[in-house]
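Asker: Sharing a structure here in structure tokens format.
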Amino acid sequence: MFFLFLVLETISLTLIVRYNNFQRVNVLNSSNVLAGSIYNRYNSVIEYFSLKKINEKLAAENANLRNELLGILHTDLEESAQKMINNELFTSISAKVINNSVNKQYNYLTLNKGSKHGIHPDMGVICSQGVVGVVINVSANYSTVLSVLNGRWSLNARLNGSNHFGPLKWEGQNPYIAILEEIPYHVNIFENEEVVTSGYSNIFPENIMIGRVVRTEHEQGAAFQNIWVQLSTDFQQLSYVEVIEKKSKAEQFELENTISNE
Amino acid sequence: MNKKPVWYIALFIIVVLIQVLFMNNMQFSKFVNPYFYVLFILLMPVSTPRYAMLLLGFVLGLCIDVFSNTPGIHTSATVFMAFLRPVVVNPSTIDDADVILPVSIVHFGFWWFVKYAGILILLHHLFLFFIEMFTFDHFFTTLSRSFLSAIFTFVFVVISQFLMFRK
């Protein structure tokens, strides 16, 4: 009996430790057919209770977009054309969050769209408030997203004022706070300074909002300082998100590969 | 009264659904997440063979893991709990007529059940939260998270007893 116990414990501990190898096994996560459809059905019921909030958010986003549009119309044509070209590089697919958590060490989301709708792993996920996460698993109709609130992931972020960049990692407990690391200690940082995506990875375009600086900490003798960032996305209230992909990703990847192969 | 296998199957499905749809979304605070699904292990008759308990624990944990994207974490904790249950309750100390019944407050008495459920839930939660952190750093934070969540799980388990088994 003790033997069976050891066998079962070994299997489950292997699942934990070798997590990254199993990550691509579709059956063992919430994007599989059964879990996905249960979450989807449940969500279509409880969605009614949050319709008001969703509405308010959409209205706010609408107003923002209108402002931006006015801004574009009033700037000179060349600049706005450039802006449009930049935006063209990314395509986006709208999806609904059907399952979400914020109080675990490793938080994930499940979306109601999958490979059938053009979603595949490594696409970025954003919402009107800012960055949300990255797709890791897809089935035909559902996909699983690694949230920013997940210790297994860090995101390349840039300080908007000074242009310094470094990895941003979730703090681990508070769903509103992440830590930006590896910023040289001589860099002056202002409170409330914007932190945005760097655009150096293929997952997110440049300048997507991540959050604002709340405080900094510099350990004695360390070359870097840590920066506490208040995340702009409210992960507890996520409802609709955009899944985005760089169109020229394959091309860039190929190009970069030829360099590393030399 | 004695229950048919189909009752246990229904119980299994219900506790999994309650866990993934309600309990996982319950946020009293960032510290607390009740793991109500352990109710299934708690209610299995004392006479259940040990190997069956271990396998059931494995399947139950795996189901919860699949839904919450935590491969292995709940599985290991639930197998651990299923393994310890016969250590906590010695079947020979239970009345012969009672060993085939689902464990309940009604048949086993309030304080007996409190002790039994309390110990097993706490052991399960301690194992679960430390495995989830995978380190003994933040030892006291993890410890308090386990205790707080265990209290909530325990309250839900006791409430469910009064809803499921009426005299």
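The values are calculated or read from the model by the stated rules, or taken from the named source; none is laboratory data. Quantities reported herein were computed from a predicted structural model and do not represent experimental measurements. A quick note on method: Cβ atoms are made from the backbone with ideal geometry, for glycine too, and the neighbour counts reach across all protein chains shown. For accessibility, only protein heavy atoms count, side chains too; no ligands or nucleic acids. Shrake-Rupley method; radii C 1.70, N 1.55, O 1.52, S 1.80 Å.
Asker: From the backbone phi of the stretch A:124-140, what are the Karplus-calculated ³J(HN,Hα) couplings (6.51 cos²θ - 1.76 cosθ + 1.60, θ = phi - 60°) in whole Hz, Gly and Pro given as x?
Answerer: Here the 3J(HN,Hα) series is x, 10, 10, 9, 4, 8, x, 6, 10, x, 9, 5, 10, 9, 9, 10, 4 Hz.
Asker: Say R0 is 51 Å: what FRET efficiency, to the nearest 0.05, do B:Ser144 and A:Asp122 get from their beta-carbon distance?
Answerer: 0.85
Asker: Measuring from label point to label point, each 7 Å out along Cα→Cβ, what is the A:Asn207 to A:Glu182 span in nm?
Answerer: For the pair A:Asn207/A:Glu182, the computed spacing is 2.4 nm.
Asker: Please list, ordered by chain and number, the residues whose modelled amide H lies under 5 Å from the amide H of A:Phe90; skip anything fewer than 5 residues away on the same chain.
Answerer: A:Lys247
Asker: If you don't mind, there's one more thing I want to ask. Highest GNM mean-square fluctuation, chain B, Cα pairs closer than 10 Å: which of B:Tyr37, B:Tyr51, B:Tyr116?
Answerer: B:Tyr51
Asker: Of all the C-alpha pairs in the stretch B:55-139, what % are more than 17 Å from each other?
Answerer: More than 17 Å apart: 56 percent of the Cα pairs in the stretch B:55-139.
Asker: With label points built 7 Å along Cα→Cβ from the Cα atoms of A:Glu171 and A:Leu51, find their separation and express it in nm.
Answerer: 3.7
Asker: Okay, next question. First check a/c for the stretch A:177-262, with a ≥ b ≥ c the square roots of the eigenvalues of its C-alpha gyration tensor; if it is under 1.5, answer rounded, and if not, answer prolate when a/b is larger than b/c or oblate otherwise.
Answerer: It comes out oblate by the Cα gyration axes.
Asker: Looking at chain B, do any whole DSSP H helices span at least 24 angstrom along their long axis by alpha carbon and average 0.5 or above on Kyte-Doolittle, and which?
Answerer: Once both thresholds are applied, what remains is B:50-68, B:110-133, B:139-164.
Asker: Could you tell me whether the stretch A:90-261 comes out rounded, prolate or oblate from its Cα gyration tensor? Rule is a ≥ b ≥ c as square roots of the eigenvalues, rounded for a/c under 1.5, then prolate if a/b exceeds b/c, otherwise oblate.
Answerer: Oblate is the answer for the stretch A:90-261, as a/c is 1.5 or above yet b/c matches or exceeds a/b.
Asker: Could you look at chain A and say what percent of its accessible area is carbon and sulfur, using a 1.4 Å probe and all protein chains?
Answerer: Reported share for carbon and sulfur atoms: 54 percent.
Asker: Multiplying the sequence separation of A:Glu217 and A:Leu255 by 0.36 nm and subtracting their Cα-Cα distance, what value in nm do you get?
Answerer: So the chain would gain 9.8 nm between A:Glu217 and A:Leu255.
Asker: Whose amide H sits under 5 Å from the amide H of A:Asn156, counting only residues 5 or more places off or on another chain, with H placed in the peptide plane?
Answerer: The answer is A:Leu168.
Asker: Still on this model: What is the set of long-range amide H partners of A:Asn137 at a cut-off below 5 Å, with H atoms built 1.01 Å from backbone N?
Answerer: A:Thr144
Asker: Would you mind giving the average projected area, over all directions, of the Cα convex hull of the protein assembly as shown in nm² with one decimal?
Answerer: Averaged projected hull area, Cα only: 25.8 nm².
Asker: Next up: Leaving out ligands and nucleic acids, note down the accessible area per residue over the protein assembly as shown with a 1.4 angstrom probe, in whole Å².
Answerer: Accessible surface, normalised per residue, equals 51 Å².
Asker: For chain B, what % of the accessible area comes from carbon and sulfur atoms, probe 1.4 Å?
Answerer: 74
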